[in-house]
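Read-outs throughout are calculated quantities, based only on the coordinates presented, and are distinct from any laboratory measurement. Since the structure is predicted, the reported quantities are computational estimates derived from the model, not experimental observations. Positions of Cβ are backbone-derived with ideal geometry, glycine not excepted, and every protein chain shown enters the neighbour counts.
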Amino acid sequence: MFDITTLTQAIVSGILMGAIYSLVSLGLTIIFGVVRIVNFAHGEFLMIGMYATYFLWARARIDPLIAILITGPLLFLIGAGIYKSLLRRVAAASDFSKIFLTVGISLVLQNIALLIFTANYWSVKTSYEKMVLSLWGISISYPRLIGFLGAVILSFLISLFLFRTDLGKAMRAVAQNREVAMLMGINPDRVYIIAVGLGSAVAGMTGTIIMPYFYVFPLVGVDFIVMCFAVAITGGLGNIKGTLLCGPIFGIAESLGILFIGADSGMIVTFLILILVLIFRPSGLLGEGRL
Amino acid sequence: MVFRIVIWERKLGGGSSLLLEVQNLSKRFGGLQAVNDLVFAAEEREILGLIGPNGAGKTTVFNLITGVYPPDSGAIRFQGKNIAGLKPYQTCINGICRTFQIAQPFREMTALKNVMTGAFLRTADVEEAKRKAEEVLDFVALGGKKDILAKELTAIDQRRLEVARALATDPRLLLLDETMAGLNSKECDEAVSLINKIRDKGITLIMVEHVVRVIMSLSKRIIVLDYGTKIAEGKAEDIRSNENVIKAYLGEEYRRAIRQ
Amino acid sequence: MKISVKSFTSPKGYVPLTFLIVLLFLPLFLPTYFLHVMITMLFFAFVGEAWNIIGGYAGQLSLGNAAFFGLGAYGAVLLTHYYNISPWIGGILIGGAAAIVLSLITGLACFRLSGPYFAISTLAIGEVMRLFFLNQRKITFGAEGVTVPYKGNSLLYLQFLSKAPYYYIALALMLLGMYITWKIEKSRLGHYLVAINQNQDAAEAVGVNSVRAKQIALSVSAFLTAIGGTFYAQYIYFIDPDFVFGLGLSIEFALIAIVGGVGTVMGPVIGSFLLRPAMEFTNAFLGATYMGVHLIVYGGLLIAVVMFKPEGLIGWMGGLYEWFLELLSGKEN
């Protein structure tokens, strides 16, 4: 019943989606790696990115691929602003404060979106949305393919930033040993702001990338935050390589779950894997990381 | 008082018994052999000193005895019973309590409540625990500060609080981890007299210490560790002049210098 | 607690007593809508107390208590629907037992996890329950939800035609929650939970079996929350997985305790008595066009409390209350 083509199709779909999961989780893991805060509002940054993309398209006819140049900086500023005004206060406080502050931010953002944009589902239309690439019996929709490529390119650029540029190295230094980084003349507070800004920008840009094939609505972040937790924790919170590796793993697991079990089961598969990881290897496959 | 000099290999019946026996205890962390085939014993009512340079594995020994982690091999016998592998709360129920190198009080609780937490091990009754805690606080001379929050106590008082909390669990064996660090002369003397008071109550003590003059005066028997291995054991005077001990602490050059 | 007649002559005694008497007589003169608001206030105080035991005292931040709530709700409704079993048994006994079993599994799997990991794992468990009940529509009716079978006025089936009986049950539940919390706080378990919350390693070094203490706290919380779920089902007559197992509900349990005063007996009461009316009236004024506005207020309060007053509003309320008592005793002199 499940021939090799269907199976391959599922795996390919999983990888395409997995790159998206990797990218958005990358944002979460960067924020945790540097600032040690698990951002429960991360999905909402994605949501804001999606809404921004929608309006740039609806009002200014800006194609999502170009909109990324706007949503990236926009979300960077929003993230940095939220850090400066709110998160900074609890960066050194208890887990309780860190968790419930971001939970509160999530609540507020979700419902402001609900208030302003209503609960309707919106989407953008692109010139290529109906195009499909057919390869050896497998069909890949263009928006998804472009989304995949965008995610891969962005992930690559961010890794390049973190491992090759001075600022990126400064971030990793602060993540690994804040005191020593300070002795080397790095301003940790500034690095924290940039880390949160960057993490948020990544989430926002992911939102832009997926707009061509996803609907936006106020609670869209909730689905993604769960996947972010799953991917980031399984890879190892704060561990860049781990996150990049686990995105496709979860994408494929979700795909196969839908294929073999049923339409609703994607989420359940994700959760079960997450719970198993938390029970047997909470630090993640590659261990908790400092970027 | 007569102090017995004990070399445990020769101990066979008669006199005080061995409260704690550590046999061939080993623990490795990744590439580091933290404790290496350690053998020693503590007898009842003695104050046994455990010294050695930084990183010698002394706190690890405490962690192994109390069950913070299980040993890779070896046995730990307390009152004849093998306790290796028990969890920390279980070793405490059995009568072994320890203090931490850096005091770990319950910061948001009063001193009284801190000690009550220890007292609750032996009674579920709140009033009884409270009375016991007050008694112990008086014993360590913190009675007047019982209603002060732990985080507002001085570092020295926090350490005293830690000892009080441990005493409230009615231990037979108390493991003190660097209680004297950073104390001035007067504080040291107070601590020494408190420790003697504890021993007089019938509690056996093993003390990890860096403050050499204190440990030399308190303990009649001392064990020296270096890189997880026991390099010397015996009377204070003998330890002080033991070449291996000097080399471990001060390096080869000093040892040569002393020889000349 | 020694209570003598004398103790009621001072403000400290008669003020709470007056409150209690007022509460007892409210159904007689309060209009239906306001009575409904009161019922939700009392009820959420109760489930807030339940969360407080594990989240406030033990410091284990659960974002999945709705899992227990839903079990109590579905236990009550499904067992009445299929087997005509009273919700006292179906919901409280069986649903409650299921909740305790789930709490044991959760504890076994998750107590080793620190702060955010524990929170995320409870969130995951709550969501798994929600998705499971959504998925198994043949038994649970899935997303459509299920209605409580109509039994008229029946104590056996925990259904009443007027609001007053629900009110008194909710009041009893809140008082029960407060009482159990108070008892725990004063007991050895309570002291142990606070110790574990502040420094688990130090607690274990003085003989505290932290796993067992936390498990007891979680199981009590689970059972009480399940009772809450049963009450909710019987009061609202309709349940669906997205609500009773929802993350929003889990967050609200925590919110009520945190805003009011985490780790205190009165905290959830204060939180509920503040938040629920705020929500009702926000929704009333801004109407159906702006659903979810109250959640902005909730979220904002949570942020404000966490940032500026993490011990909760009980700090101010306590002071206000003391001042009020002083005023009254001053008046008498």
Correct response: the longest run of chain A lacking exposed trypsin sites (Lys or Arg not before Pro), defined by DSSP loop and at most 12 other Cβ within 10 Å, is A:131-291
For the protein assembly as shown, whose charge dipole is built from +1 on Lys and Arg Cβ atoms and -1 on Asp and Glu Cβ atoms, the candidate among C:I236, A:L86, C:G59 with its Cα farthest towards the positive end is C:G59
In degrees rounded to 10, the 0-90 angle between helix A:240-260 Cα long axis and the longest Cα principal axis of chain A is 30
In order over segment C:320-325: 3J(HN,Hα) from phi, Karplus 6.51/-1.76/1.60, θ = phi - 60°, whole Hz, x for each Gly or Pro, gives 4, 5, 4, 4, 4, 5
Percent relative contact order for segment A:136-254, counting Cα pairs under 8 Å at least six residues apart, stands at 18
Along segment B:211-218, Karplus-curve 3J(HN,Hα) (6.51, -1.76, 1.60; θ = phi - 60°) to the nearest Hz, with x for Gly and Pro, reads 6, 4, 5, 5, 5, 5, 7, 7
Counting only residues 5 or more apart in sequence or on a different chain, those whose built amide H sits under 5 Å from that of B:A34 are B:K27, B:R28, B:F29
Applied in sequence order to segment B:97-107, the curve 6.51 cos²θ - 1.76 cosθ + 1.60 (Karplus, θ = phi - 60°) yields integer Hz couplings, x standing for Gly and Pro, of 10, 10, 10, 9, 4, 9, 3, 10, x, 7, 4
So, relative contact order of chain B in percent, Cα under 8 Å, 6 or more apart, is 25
Here P(r) for the protein assembly as shown, Cα-Cα distances in 20 Å bins, as whole percents, is 13, 38, 33, 14, 1, 0
Scaled by the rule-of-thumb 2.2 N^0.38 Å, the alpha carbon Rg for segment A:36-85 gives a ratio of 1.24
Counting only DSSP beta bridges fully inside the protein assembly as shown, the antiparallel percentage to nearest 5 is 65
For B:154-163, C:200-209, ranked highest to lowest by mean beta-carbon neighbours within 10 Å, the order is C:200-209, B:154-163
Here D for segment C:1-125, in µm²/s, from Stokes-Einstein with a Kirkwood Rh over Cα pairs at 10 °C and 1.306 mPa s, works out to 90
Helix B:155-167: inclination vs chain B longest Cα principal axis, degrees, rounded to 10, gives 80
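From the alpha carbon gyration tensor of chain C, can you work out the equivalent ellipsoid semi-axes (sqrt of 5 times each eigenvalue) and give them in Å, largest to smallest?
On the way: eigenvalues 183, 145, 78 Å².
After scaling each eigenvalue by five and taking roots: 30, 27, 20 Å.
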Expected sort for A:62-72, C:213-223 on mean C-beta neighbours within 10 Å, highest first, is C:213-223, A:62-72
Rounded to the angstrom and largest first, Cα extents along the principal axes for segment C:63-166 equal 48, 28, 22
Nearest 10, in degrees from 0 to 90: the angle of helix A:188-210 to the longest Cα principal axis of chain A is 10
The Cα radius of gyration of segment A:32-188, divided by 2.2 N^0.38 Å with N its residue count, comes to 1.27
Taking segment C:45-332, the lysine pairs whose C-alpha atoms sit under 29 Å apart (8 or more places apart or on different chains) add up to 7
Amide H proximity to C:L63 below 5 Å, modelled H, separation 5+ or other chain, gives C:T122, C:L123
With label points set 7 Å from each Cα along the Cα-to-Cβ direction at A:Y121 and A:V222, the distance between them in nm comes to 1.5
The long-range amide H neighbours of B:G49, using H built 1.01 Å from N in the peptide plane and a cut-off of under 5 Å, are B:M207, B:R221, B:I222, B:I223
The percentage of Cα-Cα pairs in segment B:99-166 separated by more than 20 Å is 15
For C:L155 and B:D147, extending 7 Å from Cα along the Cα-Cβ vector and measuring point to point gives, in nm, a value of 4.7
Pseudo-spin-label distance A:L86 to B:Y69, built 7 Å along Cα→Cβ, given in nm, is 4.0
Ratio for segment B:50-142, C-alpha Rg to 2.2 N^0.38 Å, reads 1.27
